[in-house]
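**Q** Okay, handing you the structure first.
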Amino acid sequence: MKITKIIAAAAAIAFTLTALASCGSTDSSSQTESKTDSVSSETENTSSEERLIPDEKKPPETDAEWHQAMLETSLTGLYDVSLLKEKIAKARNGEKVTLAYIGGSITEGLTAGDDLCYAKLSYEGFKKRFGADNAEYVNAGISGTPSKLGNLRLQRDVLSKSPDICFVEFAVNDSSDEDCQAAYESIVRDLTENGVAVVLLFSVTEADYSAQDYMKKIGQYYNLPMISYCDALRYMFENGRMTWKDFSDDQSHPNEAGHALVAEMIDYFFEQADAVTPNKFPYPTEPMSMLVQQNMTLLENTDIEPVSLGSWKEGSTIAHFTKGWTYEPDTGNEPLVFKFKGRFAHLVYKEVKSGKFGTLHVKVTCDGELYDETDIKTVTKEGWGNPQNALLGMQVNEKEYVVEISMAEGSESMKGEVLAVAHN
């Protein structure tokens with residue numbers, strides 16, 4: 001990484017810290033501590049009845065009681081459902097209401113299919129419960145995508161559809177690093193600030209991995225309703241009432257019965273949200289993370305005309321990302337060049353495990369000065385033909401980016417795919 005990039009990143013963080021300090025206490029550590037105390041206090045002051053967690057003193061006995069306890073455990077908290085109840089009222093009044101779902105392969109419906117995935121089933125349940133004949137459905141789940149990529153495609157795949165309600169599911173695709181946390185919070189903020197009722201959904205793998213811990217903290221900070229099938233399954237497993245094989249046929253994806261169970265948890269959530277008198281909380285003007293990247297725009301070949309196509313041609317081969325650019329082997333290796341203005345800049349490219357794909361060479365200038373020059377490996381042990389993204393730049397103020405993409409030295413006889421660029 002060039003010195004200019006390090007300086008720019010440090011400046012961006014320093015600028016954000018200054019802005020945050022001017023909005024509240026001048027002591028940033030005490031401000032963070034205050035927020036944490038506030039969240040903890042809210043959690044402690046939420047009664048077990050409000051959080052709907054089963055009473056451990058009266059363990060379930062019958063199968064029906066265990067099933068009910070599982071549904072109650074799945075409901076992490078209702079918190080502020082005032083906006084959601086407005087959307088429900090619209091549905092009951094016969095107005096058009098759009099339910100959107102964004103996440104990875106679980107949301108997309110891998111193993112269950114388009115019609116039997118939890119998203120479609122819970123949408124149908126919403127229509128039935130609230131007589132929402134005019135309800136519309138948007139499934140923006142894409143296999144292999146974490147919230148870092150979800151944030152880049154939020155406008156294209158969700159906000160452009162004008163959703164009323166959006167479920168966000170990335171708990172098994174995200175790590176817990178700061179970049180994922182910032183991207184996840186960016187999605188929450190962009191949805192909320194566009195008048196969307198947000199519901200967080202937390203998944204889990206057979207190996208008991210879930211990023212829900214930090215996601216719950218973000219949910220509490222924004223007073224969002226949350227559903228954890230992670231918690232519900234753990235509750236049933238610990239009490240010997242279910243096994244992972246009852247829920248899934250692989251290591252992470254619900255089978256048809258599992259999807260139906262998640263949809264039932266969502267229906268239970270709608271039932272409880274509809275029944276309560278809502279408490280409205282103020283929207284936090286300050287983000288939790290300094291690295292939030294809101295209002296990202298994804299640019300494909302229908303959205304941006306390159307300064308030069310170079311040795312590249314239009315078109316790419318990944319589902320949901322077919323409007324990119326492709327380099328064919330031994331075609332001259334002239335760079336693909338983009339020019340755009342923004343603060344943060346990203347590159348989305350195809351990643352594979354093996355095959356005739358080479359390393360990309362990316363040169364970035366900002367306002368005419370060299371910002372970074374780096375190589376990006378497209379063949380990794382984690383790759384499987386999925387979209388992957390790389391941060392190209394971050395600036396305090398809007399800059400004019402020029403991004404030049406060619407094949408790295410030694411990869412001229414290999415293939416490469418650029419799926420999109422993104423900026424805010």
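What follows is calculated from the coordinates using simple rules that are stated; it is not laboratory data. These numbers were taken from a predicted model, which means no experiment stands behind them.
**Q** Quick one: what do you get for the stretch 156-292 if you divide its Cα Rg by 2.2 N^0.38 Å?
**A** Cα Rg divided by the expected 2.2 N^0.38 Å: 1.10.
**Q** Hey, in the GNM for the chain with a 10 angstrom Cα cutoff, which one of A232, A140, A207 fluctuates hardest?
**A** Fluctuation is largest for A207.
**Q** Apply the Karplus parameterisation 6.51 cos²θ - 1.76 cosθ + 1.60, with θ equal to phi minus 60°, to every residue of the stretch 76-89 and state each ³J(HN,Hα) to the nearest whole Hz, in sequence, with x for glycine and proline.
**A** Going residue by residue, I get 4, x, 8, 6, 9, 10, 4, 5, 4, 5, 5, 5, 4, 4 Hz, with x marking Gly and Pro.
**Q** Here is a follow-up. Give the long-range amide H neighbours of F167: residues separated by 5 or more places, or on another chain, with amide H under 5 Å away, using H modelled in the peptide plane at 1.01 Å from N.
**A** A100, Y101, I102, V199
**Q** Where the centre of each part is set by its Cα atoms, how far does the stretch 103-121 sit from the stretch 390-424, in angstrom?
**A** Distance between centres, Cα-based: 32 Å.
**Q** Jot down the per residue volume, in cubic angstrom and as a whole number, of the convex hull over the alpha-carbon atoms of the chain.
**A** Hull volume over Cα atoms, normalised by residue count, gives 147 Å³.
**Q** A follow-up question, please. Kindly express, to the nearest 10 degrees and within the range 0 to 90, the angle between helix 28-45's C-alpha long axis and the longest C-alpha principal axis of the chain.
**A** For 28-45 against the chain, the angle is about 30 degrees.
**Q** Multiplying the sequence separation of V276 and N194 by 0.36 nm and subtracting their Cα-Cα distance, what value in nm do you get?
**A** Taking 0.36 nm per residue and subtracting the Cα distance, the gain is 27.1 nm.
**Q** Equivalent ellipsoid semi-axes for the stretch 43-275, as square roots of 5 times the alpha carbon gyration tensor eigenvalues: give them largest first, rounded to whole Å.
**A** For the stretch 43-275, the ellipsoid semi-axes come out as 25, 21, 18 Å.
**Q** Quick one: Karplus J couplings for the stretch 308-319, per residue in order, coefficients 6.51, -1.76, 1.60, θ = phi - 60°, nearest Hz, x for Gly and Pro?
**A** Those phi angles translate into 8, 6, x, 8, 9, 10, 6, x, 8, 10, 8, 4 Hz.
**Q** Grab the alpha carbons of the stretch 106-223, take their convex hull, and tell me the volume per residue in Å³.
**A** Measuring per residue, one finds 113 Å³ for the Cα hull of the stretch 106-223.
**Q** Here is a further query. In nm, what is the difference between 0.36 nm times the number of residues separating E136 and E398 and their Cα-Cα distance?
**A** Between E136 and E398, full extension yields 90.7 nm more.
**Q** If you wrap a convex hull around the Cα atoms of the stretch 142-192, how much volume per residue is inside, in Å³?
**A** 70 Å³
**Q** Relative to the first principal axis of the alpha-carbon coordinates of the chain, what is the inclination of helix 147-157, with its axis defined by its Cα atoms, in degrees from 0 to 90 and to the nearest 10?
**A** It is inclined by approximately 90 degrees.
**Q** Just the ratio, please: alpha-carbon radius of gyration of the stretch 82-124 over 2.2 N^0.38 Å, N its number of residues.
**A** 1.38
**Q** Beyond a 21 Å Cα-Cα separation, which of these cross-linked pairs lie in this structure: K161/K323; K128/K217; K363/K415; K148/K350; K120/K350?
**A** Too far apart for the 21 Å limit: K128/K217; K120/K350.
**Q** To continue, here is another question. For the chain, what proportion of DSSP beta bridges, expressed in % and rounded to the nearest 5, is antiparallel?
**A** 70 percent
**Q** Which ³J(HN,Hα) values in Hz, rounded to whole numbers, follow from the phi angles of the stretch 171-180 under the Karplus curve 6.51 cos²θ - 1.76 cosθ + 1.60, where θ = phi - 60° and Gly and Pro get x?
**A** So the Karplus estimates, Gly and Pro as x, are 5, 9, 9, 8, 8, 9, 6, 5, 5, 5 Hz.
**Q** Turning to a different aspect of this structure: Take every Cα-Cα distance within the stretch 296-423, group them into 10 Å bins from 0 onward, and report for each bin the whole-number percent of pairs it holds.
**A** 14, 48, 33, 5
**Q** Given H placed 1.01 Å from N in the peptide plane, which residues other than close sequence neighbours of A408 have an amide H under 5 Å from its amide H?
**A** The list, which skips near neighbours in sequence, is T359, L360, H361.
**Q** Whose amide H sits under 5 Å from the amide H of Q395, counting only residues 5 or more places off or on another chain, with H placed in the peptide plane?
**A** Distant-sequence amide H within range of Q395: F344.
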